[in-house]
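These notes concern the structure reproduced below.
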């Protein structure tokens with residue numbers, strides 16, 4: 001039990017540091033080849049900080065711990081909005097771009113409802129459903145490139161990182177994620193079984209929070225530095241990546257059972273997304289008061305998990 005806890009912490013450290021190194025390396029490559037900042041923020045940063053969720057969920061399904069995989073995604077998406085944006089908004093008001101308020105946040109709500117429908121109707125994310133999620137992810141990427149094709153990289157300083165160092169960052173980042181995911185899944189499942197806790201609850205709480213650490217750190221730093229676009233874009237992009245890419249790829253590898261208990265968690269994810277849209281659609285600002293509301297809701301959500 002003690003060893004499992006130590007391995008769980010080590011897994012989280014590797015996940016967080018691996019994601020950090022991967023994002024730095026990938027962002028350096030993007031800047032080196034003059035890729036627009038909006039593409040870097042909404043794709044490379046968002047996908048990079050969601051890499052732990054991807055690694056954990058795919059590893060979980062391969063190892064047969066499907067409850068951990070699905071719970072990790074749903075729990076991470078809920079934590080991303082209610083906890084991470086809540087904390088970030090309390091630190092500093094977050095201003096949301098018009099496209100994000102009108103299109104991207106509603107898109108997150110749409111795919112969240114789609115996932116919930118799959119679970120309710122079929123009780124599984126089949127390979128056909130997973131393929132649909134992957135197609136929607138490709139469409140989202142085309143959308144991002146379409147709105148950014150006329151924009152250029154605004155960086156005023158040249159990228160000083162050598163190409164060899166960039167590649168090393170990417171390779172070592174991916175390696176750390178793979179090892180960290182293996183340690184996290186195995187140790188968390190061992191702890192859950194020792195404490196007679198369901199894989200669903202472990203995935204929705206401990207692992208979801210652990211794999212959301214890169215988003216949390218990124219958003220807090222962005223809020224402190226007054227970079228609202230990075231904070232909001234990172235969370236919205238991460239939630240889209242989690243559902244469409246992570247569950248899409250995982251479902252293609254092996255169909256994912258969707259437990260009835262996950263319906264309530266899906267509803268919480270939809271509620272969080274809709275509330276975010278309501279908060280920003282008019283004045284496009286996430287204030288400290290709204291951030292506090294998010295945090296209170298997250299405490300209530302965690303309390304219902306513990307009570308159950």
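Summary of values
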read-out	value
Residue in segment 189-200 that is modelled with pLDDT of 70 or more, within 28 Å of residue 69 (Cα to Cα) and within 17 Å of the chain's Cα centre (by Cα) present	no
Members of segment 58-68 that are in a helix (DSSP H, G or I) and either modelled with pLDDT under 70 or at positive phi (or both)	66, 67, 68
Residues of segment 164-174 classified as in contact with a helix residue (DSSP H, G or I) (Cβ under 7 Å, 6 or more places away or on another chain) and either under 14 Å from residue 5 (Cα atoms) or modelled with pLDDT of 80 or more (or both), total	3
Verdict on residue 55 being surrounded by 22 or more Cβ atoms within 10 Å (Cβ to Cβ), under 18 Å from residue 177 (Cβ atoms) and either at pLDDT 70 or above or more than 17 Å from the chain's Cα centre (by Cα) (or both)	yes
Among (1) surrounded by 22 or more Cβ atoms within 10 Å (Cβ to Cβ); (2) farther than 21 Å from residue 132 by Cβ; (3) at pLDDT below 90, the one test that residue 237 misses	(2)
Filter result for the condition that a residue is touching a residue at least 60 places away in the same chain (Cβ under 8 Å), surrounded by fewer than 22 Cβ atoms within 10 Å (Cβ to Cβ) and part of a helix (DSSP H, G or I), over 202, 292	292
So residue 95, is it more than 25 Å from residue 289 (Cβ to Cβ), surrounded by fewer than 24 Cβ atoms within 10 Å (Cβ to Cβ) and modelled with pLDDT under 95	no
Whichever residue in segment 261-289 is in a helix (DSSP H, G or I) and touching a strand residue (DSSP E or B) at 6+ places or on another chain (Cβ under 8 Å) and, among such residues, is surrounded by the most Cβ atoms within 10 Å (Cβ to Cβ)	276
Single residue of 84, 78, 105, 44 found to be outside any loop (DSSP other than H, G, I, E, B), at pLDDT below 75, within 17 Å of the chain's Cα centre (by Cα) and crowded, with 18+ Cβ neighbours inside 10 Å	44
Candidate set: segment 205-221, residues that are buried (at least 24 other Cβ atoms within 10 Å of the Cβ) and more than 17 Å from residue 56 (Cβ to Cβ); chosen: the one modelled with the lowest pLDDT	218
Criterion: under 30 Å from residue 196 (Cα atoms) and at pLDDT 85 or above - qualifying residue of 273, 287, 304	304
Meets criteria (part of a helix (DSSP H, G or I), touching a helix residue (DSSP H, G or I) at 6+ places or on another chain (Cβ under 8 Å) and closer than 28 Å to residue 287 by Cβ) for residue 133	no
Among (1) in contact with a strand residue (DSSP E or B) (Cβ under 8 Å, 6 or more places away or on another chain); (2) over 24 Å from residue 132 (Cβ atoms) - the single one residue 196 does not satisfy	(1)
Scan of segment 240-260 for residues that are assigned to a helix (DSSP H, G or I), in contact with a strand residue (DSSP E or B) (Cβ under 8 Å, 6 or more places away or on another chain) and modelled with pLDDT under 90, ordered by number	250, 251
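The values are calculated or read from the model by the stated rules, or taken from the named source; none is laboratory data. Just so you know, these numbers come straight off a predicted model, no measurement behind them. Every residue, glycine as well, gets a Cβ built from its backbone with ideal geometry; the counts of neighbours run over all protein chains shown.
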